[in-house]
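Note sheet for the following structure.
All of the numbers you see were taken from the coordinates with simple rules; none came from a lab. What you see is a predicted model, and the numbers here were worked out from it, not measured in a lab. Here the Cβ positions follow ideal geometry from the backbone for every residue, glycine too, while neighbour counts run over all protein chains shown.
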Amino acid sequence: MEIRWKSALPDGDTPMEATFHFPGGLADYLGEQLSGAVTYAERPFAGRVEFAEKFNQPGAVEWAINWTPARDGFVQSYCNTVPTPEGGTHESGFWAAVLKGIRAYGELANNKKAAQITREDMAAGGCALVSCFIREPEFVGQTKDRLATQEAARLVEGAVRDHFDNWLAADPKAAGAILDFLVLRAEERLRRRAEKETSRKSATKKLRLPGKLVDCTATARAGTELFIVEGDSAGGSAKMARERRTQALLPLRGKILNVIGAASSKLGQNAEISDLCQALGVGLGTKFRLDDLRYDRIIIMTDADVDGAHIAALLMTFFYTQMRPLIDAGHLYLACPPLFRLTQGPRRVYALDEAEKDRLLAEGLGGKGRIDVSRFKGLGEMDAKDLKDTTMNPATRKLIRVSVDDDIPGETGDLVERLMGKKPELRFQYISENARFVDELDV
């Protein structure tokens, strides 16, 4: 393996050209990366397999991996020499082979805890390089950051698995050390999970939860969702549509306080904000602690109309100003309830807005007879089946994750202040400056 590097401008210390040569391929390259670090195996598990030898197909895979307690694990993968920083199917195949191999070795060593090891544990201290070569690879997106070729997973797993089994058997000392390390990682992961579950159980007992909160039954935060719904009628439909184990509901009475410019004493006295903080298990502003958050996803679910958009804007303003880390950590979402239901005989489809409704009507629903169009005036008008299929079921719903993209530091804060603050002249100015960009106003 040889890497050539050229400098555009020499600076005295940097040569115009340099060559990094690794005669042993990825194994030597990994050794360079881990230079000076203590590893569990003297030599990494490394190799190269031509797919033609095993599968009678063109292509190949080369790999190198070692485990170390001295640093966090990493994986660098490539397809046809193109870096794939987001991984993909070749990485999945590689980790599947290694995981199955270490579990099988643990079973042979009569270590029952080996069955608890997961890919997360394998990658914790595992430093890996994976490079595959296949014909006509498929990537996700134009940047080619992730390999999507499904066949690559099978080819890489099949090529690596037997070699890994043989490598473990040939070096029992290294294999035993790696197995013990991974079992400890698995036990630590399970211990942390149990602590979180215990913490949530005790927090649920200690908290004075608001009376209108319909909580879920899960004790751990992972996978749970709190739907902030608009009004009691919507809450009734959502209660029937929800998945009780993981989905909780908190109905709001009307519009929440606009927190921009509001005094801290006023925030603390507001019933809606108090209920919301109690349900989430967190404090406001500087008292907010992300680890105390009781739910994995906070989903704002309002009517698909102007009032609903206003309530959603007020809630996003509240979270942005008082619980910004919640947004940065990816916990805040907007539900996407439909505005229309189109029915033709037994078939029922939904449209998010006027444009989608018109498109569906123009294309037809594929059946015969008249198409009936119903417009939902609000979530309370939707029956439980409509609400579940379109807005609450993770398999069929659409969600928008709320994020903050500050290309210019402070830009988002300035815009929020301008649009939601107490100076109407700033809003008027913004509308005047941007009205020309609006093609159609749906009122």
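Worth a mention:
- Computed helical MRE - 222 nm, the chain, DSSP H runs ≥ 4 contributing -39500 (n - 2.57), nearest 500: -12500 deg cm²/dmol
- Normalised contact order of the stretch 23-190, rounded percent, pairs of Cα under 8 Å and 6 or more residues apart: 29 percent
- Short-range pairs are left out: with C-alpha atoms under 8 Å and at least six residues apart, the relative contact order of the stretch 311-408 is 33 percent.
- Only one item in (1) -0.72, -1.21; (2) -0.86, -1.22; (3) -0.51, -1.36 matches log10 I(q)/I(0) by the Debye sum over Cα atoms at q = 0.09, 0.14 Å⁻¹ derived from the coordinates shown, and that item is (2).
- Net length gained if the chain between D414 and R289 were fully extended (0.36 nm per residue, minus Cα distance): 42.5 nm
- Potential extension, N111-A177 segment - 0.36 nm per residue separation minus Cα distance: 22.5 nm
- Tilt relative to the chain, helix 172-206 - C-alpha long axis, 0 to 90 degrees, to 10: 10 degrees
- 3J(HN,Hα) along the stretch 213-223, derived from phi through the Karplus expression 6.51 cos²θ - 1.76 cosθ + 1.60 where θ = phi - 60°, amounts to 5, 9, 7, 8, 8, 5, 8, 8, 6, 4, x Hz, with x in place of Gly and Pro.
- Residue order, fewest to most beta carbons within 10 Å, for S77, S432: S432, S77
- Fraction of beta bridges assigned by DSSP in the chain that are antiparallel (%, nearest 5): 65 percent
- Nearest-ten-degree value, helix 89-108 long axis tilted from longest Cα axis of the chain: 70 degrees
- Ranked for footprinting exposure by Cβ neighbours inside 10 Å, fewest first, V282, V140, V156, V38 give V38, V140, V282, V156.
- Ranked by the mean number of other Cβ atoms within 10 Å of their residues, highest first, the peptides 57-68, 321-332, 270-281 fall in the order 57-68, 270-281, 321-332.
- Backbone amide hydrogens, once placed in the peptide plane, bring V75 within less than 5 Å of A128, excluding anything fewer than 5 places away on its chain.
- Residue exposure sequence - I400, I228, I371 - by fewest surrounding Cβ within 10 Å: I400, I371, I228
- Among 353-366, 383-396, 295-308, the peptide with the highest mean count of other Cβ atoms within 10 Å heads the list, and the full ranking is 295-308, 383-396, 353-366.
- With 25 Å as the limit on Cα-Cα distance, the pairs of K100/K173; K212/K255; K266/K398; K357/K398; K255/K422; K266/K377 that go past it are K266/K398; K266/K377.
- Short-range pairs are left out: with C-alpha atoms under 8 Å and at least six residues apart, the relative contact order of the chain is 10 percent.
- Per-residue HN-Hα couplings for the stretch 350-355 [Karplus 6.51, -1.76, 1.60; θ = phi - 60°; Hz; x = Gly/Pro]: 10, 10, 6, 8, 4, 4
- Fully extended contour minus Cα-Cα distance, from A355 to E195, at 0.36 nm per residue: 52.7 nm
- In a reduced charge model with +1 at each Lys and Arg Cβ and -1 at each Asp and Glu Cβ, the chain shows a dipole moment near 2160 debye about its Cα centre.
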